[in-house]
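Comments concern the structure below.
A short reminder: the numbers here are calculations on the coordinates, not readings from a lab. Every value quoted in this text rests on a predicted model; they were computed, and no experiment measured them. Methodologically, a virtual Cβ is constructed for each residue, glycine included, from the backbone with ideal geometry; neighbour enumeration extends over all protein chains shown.
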There are 4 protein chains.
Amino acid sequence: MTQTADRAAEPSSWSPRETELLAVTLQLLQEHGYDRLTVDAVAAKARASKATVYRRWPSKAELVLAAFIEGIRQVAVPPETGTLRGDLLHMGELICRQGQQHAGTIRAVLVEVSRNPALNDVIKHQFIEQRKALVNHIIAQAVDRGEIDRAAVNDELWDLLPHYLIFRSIFPGRPPTRQTVKALVDEVVIPSLTRCNDRKVDG
Amino acid sequence: MTQTADRAAEPSSWSPRETELLAVTLQLLQEHGYDRLTVDAVAAKARASKATVYRRWPSKAELVLAAFIEGIRQVAVPPETGTLRGDLLHMGELICRQGQQHAGTIRAVLVEVSRNPALNDVIKHQFIEQRKALVNHIIAQAVDRGEIDRAAVNDELWDLLPHYLIFRSIFPGRPPTRQTVKALVDEVVIPSLTRCNDRKVDG
Amino acid sequence: MTQTADRAAEPSSWSPRETELLAVTLQLLQEHGYDRLTVDAVAAKARASKATVYRRWPSKAELVLAAFIEGIRQVAVPPETGTLRGDLLHMGELICRQGQQHAGTIRAVLVEVSRNPALNDVIKHQFIEQRKALVNHIIAQAVDRGEIDRAAVNDELWDLLPHYLIFRSIFPGRPPTRQTVKALVDEVVIPSLTRCNDRKVDG
Amino acid sequence: MTQTADRAAEPSSWSPRETELLAVTLQLLQEHGYDRLTVDAVAAKARASKATVYRRWPSKAELVLAAFIEGIRQVAVPPETGTLRGDLLHMGELICRQGQQHAGTIRAVLVEVSRNPALNDVIKHQFIEQRKALVNHIIAQAVDRGEIDRAAVNDELWDLLPHYLIFRSIFPGRPPTRQTVKALVDEVVIPSLTRCNDRKVDG
DNA sequence: TCATAAGCGAGACGGTACGTCGTGTCTTACG
DNA sequence: CGTAAGACACGACGTACCGTCTCGCTTATGA
C-alpha cells in the first residue's frame, strides 16, 4: 500500500498535451516567477500555439494555477512512519521543501484567487481538502495507536502545522527549517494534542 | 514598555499630497487587487499626473507597498489587558478584523515581494519586526507577572499566533473567527507556553 | 456572332456541392466583404468541413475568386438591339445594374489579385476577354451596318465604356446612372467613333 | 505661381511623427502589399510603438488609407503646359506613373472603403474633389484660351480621363501606357470636347 | 512689477505582454 | 473512401499597462 500511495491518488484529468503544457508552465514559473512568465514563452517551449493554451485555460492566471496544482498533486502521500511525531515531522519537512520551491507560485495563485472567486472552489478542493484528508489520516492513526485522545483534537485548527509552515515559506525573510518543524511539532502541536490542563473555551 | 510598541501612530513621513496618493492607491488596491490596479487609475482618481506618482515611488510595486504599510501603520498598539490570555485574545481578534480588511492588500504585497527582493527588508522591518516587538512585549509582561516561565518561550515560533491567523485570512475559504482565536489561544498557545511535559528538541 | 459571346450560361464545371459552397461564399462575400469573410463561416453555413473547402480551392483567395467568377458567368449575352447606340446603351445599363450588385465582390477580387499574381490570367480570361468579345461583336455589327468606319476604332480603348462604368461602380460616392451611360455613349463614345477631325497620335 | 503650385496645396494635417509613420507605411505597403504589411513592422521600422500607431489610426486599414492619401497628395499640381492637349497628356501620364506605383494600395483602400463607410467622405474629399478641381482648372483655362466651348463640357464625365486610366492601372493585365493616354486624349476626350455633331441626350 | 524657475497636470511615447481570431494542415470518427 | 468536426501551429491584430518623457500652465520667489 505504501507503494501505491506514493503516487498521486487521482490520475489527473489532463490529456498528455495538456500535462506537457502544465509542466512547461511550472518550469518557466519556477525559473522566472509569475509575471516574468509569458504565455508566448510557454507555447514556444512546448512547441504549441497560444491558441492551444488559451483553449484550455482562459487566462495566464488560470494556467499557472492549474500548473501549480498539478505540481503539488503528489503532496497527498500519507507518511506512515509509525508514530504521530514521525508523521508530523515528515509532513512538515515535506511542506518546507515544497514551500521553498513553490513559494512564488503560491503567492501568484493567492493574488489571483482574490480576483477570480471562481477559483476558490478549485483551491479549496485541490489544496485544502486534500491536505485535510492527510492530516485526518495521521491523527486517526495516532488515535488508533492510543497516542492521543480523540477529544483533544480540535477541528478548527487541524491545519495549524501545514499552513503556518506555508505562511513562513511564502512570507519573506524567515523560511522554515527543520528546526522550525521540530519545535512546532514538539513544543506546540504534540503538547496541544496531549495537554494535561484542558482549559475549555467558554465563549 | 518597549521602545517601538507604544508609538501607535508615528506621524508618517509623507506630505499631504503623498498621503492622498497612498490612500487612493490603497482603496483601488482593495477594490481591484494588485494587477487590476493601474498607476493611471491612481493618478486619475487623485487628479495627479503619473509623473507625480513616479517621482516619489519608482515603480508600481513600491507605490503599492508604501500604501500598504501606510494602511497598517496603526497596528502596533499593545493590548494591556492585564493577563496573558487577554492580551493574546485581543491581539488575535485585532488581526482577524484587520485580516478581513487587508487580505487583498497583503496578497498583493506578497506577490510583489517575490519579484522585488529589495522589498524583503522593508517588509521585514515594517511588518515582522513591529509585530515581534508587540509579541515580545506581551510575553515579557506575562513573564513578569509570573504567568509563564521564560524557558518555555521558543524564539522560533513567536509568530505562530499572528501569522497563522493571517494565513487563514489571506487564504480563501476559511477566514478566522473569534472561535478560531479562542481555540488557538486556549488549546495551542497557552498549553505550549505552560506545558508540563517538556519534550526537548534533540536534533 | 462570335464564339464566346453567345454561350451565356455554359454549364459550370462544379459539382452541386461545390456550387453550393461557392454560392454561400458569394453571399457572405457580398454581406461582409473580403476579409470579414472567413472560411470557417463558409464551411459552417454550408454545413461543410473546412477540409472540404480546402480540398477544392487551395486558399481563401481562390475560393473567393471562383465564387465571383461563378457569380458573373452569365454576363456575356450580346444585346442585339439593332443599332450601335442601342447596343452600347444596353451594355452600359447592364453593367450599371451588375456593378451595383457586385461592387463589393469586384473590390474583393481586385485586392486579391495584387497579391496572387497567378490570378491575373484567370481574371484576364474570365473577365476581360469575355467582355472584349462582346464589345468586338457590337462594333463589328455596327461596322457591318455601316454606322461607323472600322478605321475609327482604336483597339487600345475598346474597354472605355464598360470599364469606366465599372470604376464608377466600385469607387464610392458616384455610382453610374442611366444618365451617365447616355452621356457617355452620346457625348464620348459615339463622337469618338464618328469623329470628323481625326487628330492622329504622333508619338 | 508655377513654383508654389508645384507643391501640394494644403500642408497636410499630420505631425512630423505621423508623417514619418505614414511614409514608412507607404514604403512597406509598396514593398509587400497590403496584407503582407504588418502594423508591427511599421512600428518597428519607424522605431515607434504599436500604441502610437493605433492612437491615431484605429485600424491597419485606416493607417494604410491615410498613408495612401498622403502619398498621392502631390497629384494636385496643375500642369500649365499652355494647351489643353498638353495639360491632359501631362495629367494622364502622371496618373499612369502613380497608378503603376500605387495600384496595390488603391486596391487595398477600395476594399476597405466598402467596409468602413465612414471612409467614403475621406476618399471623396481627398481623392475625388481634389482631382475634380484639377480637371476644372484645366478645362477653365482651355475655355479661356478659346480652345473649347464651355457648353461641350459635361459635368457627369469630368473624371473619364483620370478614372479610366486608374481603372486600367488597378485592373490586372493592361496597365496604361503613354500610347493609351495619347489615344485617350486625341481620339476620345478632345473629340468629345470639340465635337461637331452634338447629339443631345434626351432621356 | 515682472521674470525665471520649480512643480505639476496632461498625456504622448517605446516597449512588451495579453488575449483573440483567421488561415491552412492535420487527425479522428462516422457513414 | 469521403466527409463533418474540430484540434492544432503559426502569426497578425488590436488592447492595455508600465515607466519615461515633453509640453504648457501655474505658483512662488528674486531682481
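Suppose every Lys and Arg Cβ carries +1 and every Asp and Glu Cβ carries -1, with no other charges. What dipole size does segment D:24-164 come out with about its Cα centre, to the nearest 20 debye?
Values: 17 positive and 17 negative charges, 153 e Å.
So the magnitude is around 740 debye.
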- Query: Tell me, in nm to one decimal, what length is gained between B:TYR54 and B:HIS125 on full extension, where the rule is 0.36 nm per residue of separation less the Cα-Cα distance?
  - Reply: 23.2 nm
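Quick one: divide the alpha-carbon radius of gyration of the protein assembly as shown by 2.2 N^0.38 Å and tell me what you get. Don't jump to the answer; show the numbers that get you there.
Details: Rg = 41.5 Å, N = 812, 2.2 N^0.38 = 28.1 Å.
Relative to the 2.2 N^0.38 Å estimate, the protein assembly as shown comes out at 1.48.
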- Task: Evaluate E = 1/(1 + (r/R0)^6) for D:ALA140 and C:THR177, where r is the Cβ-Cβ distance and R0 equals 25 Å; express this FRET efficiency to the nearest 0.05.
- Result: 0.45
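Could you tell me the ratio Rg/Rh of chain B? Both radii from Cα atoms, Rh via Kirkwood. Before the final figure, lay out each step's value.
Values: Rg = 19.1 Å, Rh = 18.5 Å.
Using Cα coordinates only, the ratio equals 1.03.
Could the peptides D:87-93, B:176-182, C:43-49 be put in order, highest first, of the mean number of other beta-carbon atoms found within 10 Å of their residues?
Numbers: D:87-93: 21.9, B:176-182: 17.9, C:43-49: 14.1.
So the peptides D:87-93, B:176-182, C:43-49, ranked by packing, come out D:87-93, B:176-182, C:43-49.
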- Enter the mean number of other protein chain beta carbons within 10 Å of the beta carbon of each residue in B:160-170, as an integer. 5
- Query: How many Cβ atoms of partner chains, on average, are near each residue of D:172-179 if near means within 10 Å of its Cβ?
  - Reply: 4
- Query: Quick one: if the Förster radius is 30 Å, what FRET efficiency do C:LYS45 and B:HIS32 give, using the C-beta to C-beta distance and rounding to 0.05?
  - Reply: 0.10
- Note on the structure: Here the correct list, in nm and shortest first, of distances from C:THR83 to the same site in the other copies, label points 7 Å along Cα→Cβ, is 3.6, 12.0, 12.0
- Would you mind working out the magnitude of the charge dipole of the protein assembly as shown relative to its Cα centre, with +1 at each Lys and Arg C-beta and -1 at each Asp and Glu C-beta, to the nearest 20 Debye? 240
- Item | MRE, 222 nm, helices only [DSSP H, n ≥ 4, -39500 (n - 2.57), over the protein assembly as shown, to nearest 500] | -17500 deg cm²/dmol
- Query: When only Cα pairs under 8 Å and 6 or more residues apart are kept, what is the percent relative contact order across chain D?
  - Reply: 23
- Could you please state, rounded to a whole Å, how far the C-alpha centre of segment D:103-180 is from the C-alpha centre of segment C:86-145? 20
- Task: Determine the alpha carbon to alpha carbon distance for each of C:LYS60/D:LYS60; D:LYS50/D:LYS132; A:LYS50/C:LYS50 and list only those over 25 Å.
- Result: D:LYS50/D:LYS132
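Taking the Cβ-Cβ separation of C:THR19 and C:GLU80 as r and a Förster radius of 30 Å, what is the calculated FRET efficiency to the nearest 0.05? Walk me through the numbers on the way to the answer.
Values: r = 29 Å, r/R0 = 0.97.
Plugging the Cβ-Cβ distance into 1/(1 + (r/R0)^6) gives 0.55.
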- Query: Of C:ARG150, C:ARG107, C:ARG131, which is the most mobile in a GNM of chain C whose springs link Cα atoms less than 10 angstrom apart?
  - Reply: C:ARG150
- Query: Which residue, chosen from A:ALA48, A:VAL113, A:ALA67, occupies the Cα position most advanced towards the positive end of the dipole of segment A:23-122, where the dipole is computed from +1 (Lys, Arg) and -1 (Asp, Glu) charges on Cβ about the Cα centre?
  - Reply: A:ALA48
- Packing-wise, with mean Cβ within 10 Å as the measure, how do A:52-64, C:58-70 rank, highest first? C:58-70, A:52-64
- Place the label 7 angstrom along Cα→C-beta at A:HIS137 and in each other copy, then list the distances from the first to the rest in nm, shortest first. 4.5, 8.7, 8.9
- Closest approach to the B/C rotation axis among chain B Cβ atoms, residue and whole-Å value: B:ARG36, 16
- Task: Tell me the distances, shortest first, between D:GLN27 and the same position across the other copies, using label points 7 Å along Cα→Cβ, in nm to one decimal.
- Result: 4.1, 4.7, 5.0
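Peptide C:98-105: average number of partner chain Cβ atoms within 10 Å per residue?
Values: counts 0, 0, 0, 0, 0, 2, 4, 1.
Across C:98-105, the average partner-chain Cβ count within 10 Å equals 1.
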